[in-house]
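In what follows, a structure is listed as structure tokens, so that the remarks can point back to it.
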Amino acid sequence: MYALFDLDDTVHDKKQSLYACARSIYSKFLDDRINADEFVKAFVSENCIIQPKVDVFKTLGVKFGIDSEIESKMLMYFDESFQNYSKRFYGVLECMEYLKNEGVKMACVTNGRNFFQRNKITALGLDTFFDVIVTSGELDVKKPDPFIFNVALEKLGAKAEESVFVGDNLKADMEPAKNLGMNTIWVSADTKSKPEFVDFKLSSFSEFVGIWQAITSS
Ligand SMILES: [Mg+2]
């Protein structure tokens, strides 16, 4: 069995990382003419919208009256150092170590700019676990396009049926992975719903090994 992982909001705790980075950007570039809590809140929510990072900083610039020179310095700092604030979800490393010890080949399939996603993977200490990393930035194709999944499977030398996709996004991760014939694990705090293209739901990585064993023994 092969294991493929999404990055952001699956193994990377993006929200916590954004909060930490926002506080640092505030203290580096801004002062108390701008309310710190309001800035942090807006920074996190703009970065959670799928849009070019230039637009994130433009919106923040307009909202808080930040001059354009500071605005571009903030963007440059974000691009260069966001990985330093990146945090893993609890239990991720232990799961990767378990899979590695089991001889399982692993891939990361992520939407985002190539250098940005790869810097995060390295900073999270996960680069040594992934045999294959595929980013939408380098392929110029985003999930849910099946092409990006197929590139990862091909590089792993895996068939879809022998693979498990772990992701948080139903539209971008779960549905296309299931349509290709993969097993699916949905990282979600939602305890109520489970769409038919989700095989297992995981609310904490402490549940991962049990789910993995259920998949591999069936
Ligand atoms: Mg995600």
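The values are calculated or read from the model by the stated rules, or taken from the named source; none is laboratory data. This is a predicted model, so every value here is computed, not measured. Here Cβ is always computed from backbone atoms with ideal geometry, including for glycine, and neighbour counts include all displayed protein chains.
List of remarks:
- Conditions (1) surrounded by fewer than 21 Cβ atoms within 10 Å (Cβ to Cβ); (2) in the same structural domain as VAL166 (by TED's automatic domain parsing); number of the one not met by CYS48: (2)
- The set of residues in segment 93-109 that are under 21 Å from PHE149 (Cβ atoms), of a type in the set (A, V, I, L, M) and assigned to a helix (DSSP H, G or I) comprises MET96, LEU99.
- Residues of segment 1-27 satisfying the condition of being more than 14 Å from the ligand (Cβ to nearest atom) and in contact with a Phe, Trp or Tyr (Cβ under 6 Å, 6 or more places away or on another chain): ALA20, CYS21, ALA22, TYR26
- The residues on offer are VAL92, VAL109, VAL134, and the sole one that is surrounded by 15 or more Cβ atoms within 10 Å (Cβ to Cβ) and more than 23 Å from GLN16 (Cα to Cα) is VAL134.
- Restricting attention to segment 53-80, the residues that are assigned to a loop (DSSP other than H, G, I, E, B) and either touching a strand residue (DSSP E or B) at 6+ places or on another chain (Cβ under 8 Å) or at pLDDT 95 or above (or both) add up to 2.
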